[in-house]
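Inspection log for the structure reproduced underneath, given as C-alpha cells.
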Amino acid sequence: MTETRSQAYARSVFINCPFDDKYIQLLDAITFTVMACKFVARSALEIEDGSEVRIEKIFKIVAECRLGVHDLSRTELDAEHLLPRFNMPLELGIFLGAKRFGGDEHRNKSALILDTERFRCQKFISDIAGQDIKAHGGQPERCVEEVRNWLLSASATKDLPGPDAITAAYTQYLAELPSICALRRLNPRKLTFNDKTNLIYYWLKASEPL
Amino acid sequence: MAKSEKISTIPPPKHPPTSATRSELRQAVREVIAARDGRTGNMNVLKDKKK
C-alpha cells in the first residue's frame, strides 16, 4: 500500500550529521536505528543529482521530514583551512525555522540534538541554551540509545525494539555486511547512503518477520 | 498518520541504490542470511525483544 504524503512526512527522519570518515560509524548507527524503528532515513547524501543546488536539497528534505537528528559534535578545525564546518548548525537552524514559521504542518516537527557532551555546544551556539541536548560521547551504541528513545517519545509509538536489541542487530548486520558486499563486488567502506539504506532495509526484512 | 498509530512495516528507502540494483542487493542479503540461518537456525534478531 502506498503511503500518503502526510504518512510519509510523519515517518521521515532528516539525518543532519557529519559525513566524514571519522564520523561514519555514528552516522551508520543512527541510520540503522532509524530504520530498525521503522522510520525512513533521509539525508542530503541521498540525492546525487549534481545539477541541484545543495541548499535546495536541504530545504526539500526538511520540508518532507517531521523528525530530525542533528549532530553538532564536529567542531574541529578543517586541516586545510583551519576553520570549522558550520553545515550542521545551519541545517538545524533551517529545521527549527521551518518548525517556527512553516505553518501548521511543520509545527509538530521534533528535533534530536546530539553532541559529544551535553552542555558543550552552548559554548559555541549560545542561542541553543534551553534546548535539550543529548550526549553520545562519540560512541555508536549511545547514538542508538538516544535516537531510539527520542523516536519513542517523539512519535508516541510504543512498539519499538529496545536499545540493546537494536545494538545487537546492528552488530550482526555489520558482521555480515562484508559477506553481502563481496557477493556484489562492493567495497563496504565505499557504499553510498542509498546503498546502505537499501542494504539495511533488506537485511531487516530478512531478519525480522513483518 | 495518527500520532499513536502502530507502525507495522519498515518503509522502503526513498531513493534507488547507486552501486547495484535493488534486486542484486536483496539477493546478496538473502544469500548471506540463508547461509547464517543454515548454521545457526532462526535469527529473528529483533523479535521478542520489545521493551
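Mean 1/r over all different Cα pairs, inverted: what Kirkwood radius does the protein assembly as shown give, in Å? Walk me through the intermediate numbers first.
On the way: mean 1/r = 0.0526 Å⁻¹.
Mean inverse Cα-Cα distance, inverted, gives 19.0 Å.
Within chain A, helices built from complete DSSP H runs that reach 24 Å or longer along their own axis (Cα positions) and carry a mean Kyte-Doolittle hydropathy of -0.5 or higher are A:163-183.
Each principal axis of segment A:58-134 carries a Cα extent, and these read 41, 26, 17 Å when sorted largest first.
With coordinates expressed along the principal axes, the C-alpha atoms belonging to segment A:1-48 extend over 38, 24, 14 Å, beginning with the largest. Say we join alpha carbon atoms closer than 10 Å with springs in a Gaussian network model of chain A; which of A:ARG11, A:ARG54, A:ARG142 then has the biggest fluctuation? So, out of A:ARG11, A:ARG54, A:ARG142, the one fluctuating most is A:ARG54.
For the protein assembly as shown, carbon and sulfur atoms together expose 52% of the accessible surface, with a 1.4 angstrom probe and every protein chain in place. Taken over the Cα atoms of segment A:72-177, the convex hull encloses 147 Å³ per residue. Averaged over the residues of A:150-156, the number of partner chain Cβ atoms lying within 10 Å of the residue Cβ comes to 2. Note on chain A: GNM, Cα springs under 10 Å; of A:VAL40, A:VAL53, A:VAL144, the largest mean-square fluctuation is that of A:VAL53. Largest GNM mean-square fluctuation across A:ARG189, A:ARG118, A:ARG42, computed for chain A with C-alpha springs under 10 Å, falls on A:ARG189.
The values are calculated or read from the model by the stated rules, or taken from the named source; none is laboratory data. Given the structure is predicted, the values throughout are model-derived calculations rather than measurements. Counting neighbours? That spans all protein chains shown, and the Cβs are built from the backbone with ideal geometry, glycine included. Accessible surface areas use protein heavy atoms only, side chains included; no ligands, DNA or RNA. Shrake-Rupley method; radii C 1.70, N 1.55, O 1.52, S 1.80 Å.
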